Amino acid sequence: MPGVIKKNEPPKGPPVEFKVSTEDESTRDIKHILVVMSGKGGVGKTTVAVNLAVELSNRGFMVGLVDADIHGPDVPQMLGLIDDKPYPNEENKIVPVSYNKNLKVISIEYFLPSRDTPVIWRGSLKHKMIQQFIQDVDWGPLDYLIFDLPPGTGDEPLSIVQLIPKVTGFIIVATPQDVAMLDVKKAINFAKELKKPVIGLVENMSGFICPHCGKITYIFKKGSGEKVAREYQIPYLGSIPLEPVVVEDGDEGTPLMIAHPLSQSAKSFKEITDKIIDIVNKLNM
């Protein structure tokens, strides 16, 4: 991988030799830090993280979004920012890519030689990359910093908790089938083991809405998320239906909250965002 980013030059590789700031300095002006995770892959975690970030920014909050899924960085694609590039400022800090005036984004995707280049790294390198996304990016004052994680309870979530002791809490995304809920329980217990709050559970792909007749078909069962939330005494944030527009918008690089703000899925995201804001405010009190 290429080395240091020089001043006033476009980045050509992961910034692996920047001076590391202290945790207090790097997150001092960040009010709330949310970690979006899942027990397993394929549950739409990035879709949730991206649309939550966009909805918060639409409401006037200053938001940062860290694509911490180092082996599958899809955030730039889903936001239509794949051709943008971060760059170093005069202090040799990385200036993240802007989606709008309120939302800033960083991803390892911007530092790879090509879009199909795999990242073949062990845990120590992933830890270093996440450390630099936190400490060497010029985020400025933020209301929310959101991390989109890879599936599971491995290196990436551990690194974030170690690097940012003041993590506000975890948002766990799942699909309704029982097999997915088995892994959700592991994610919940992961947060509890680290003594971090679980802000709540989001059940994604909760019923398919037919684009022709509007009828809902529960392909992956119904109610499993609420059941697990009750069992583990964590907030149930809501369910997001499976609509074709969600997939289409993500592939085309226009978030659902922008492309189809009146859809049922967008309505669900807005309700989930309301609950997250309320819970986070109560946690800080």
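Observations, loosely collected:
- Antiparallel bridge percentage (DSSP; both residues within the chain; nearest 5): 20
- Per-bin percent of Cα-Cα distances, the chain [10 Å]: 6, 30, 37, 21, 5, 1
- Relative contact order (%) - region 139-285, alpha-carbon pairs under 8 angstrom, separation at least six: 19
- Taken along its principal axes, the alpha carbon cloud of region 214-285 reaches lengths of 38, 30, 19 Å, longest axis first.
- Taking every alpha-carbon pair in region 48-134 and binning the separations at 10 Å intervals from zero gives 16, 49, 30, 4 percent.
- The alpha-carbon of residue 270 sits under 18 angstrom from the alpha-carbons of these lysines, leaving out residues fewer than 8 places away in its chain: 45.
- Debye log10 I(q)/I(0) at q = 0.16, 0.24, 0.25 Å⁻¹ for region 108-199, Cα point scatterers: -0.80, -1.33, -1.37
- Annotation: extensible slack from residue 185 through residue 213 equals 6.5 nm (criterion: 0.36 nm per residue apart, minus Cα-Cα distance).
Only the coordinates and a few stated rules stand behind these numbers; no lab work does. Nothing here was measured: the structure is a model prediction, and the numbers come from that model.
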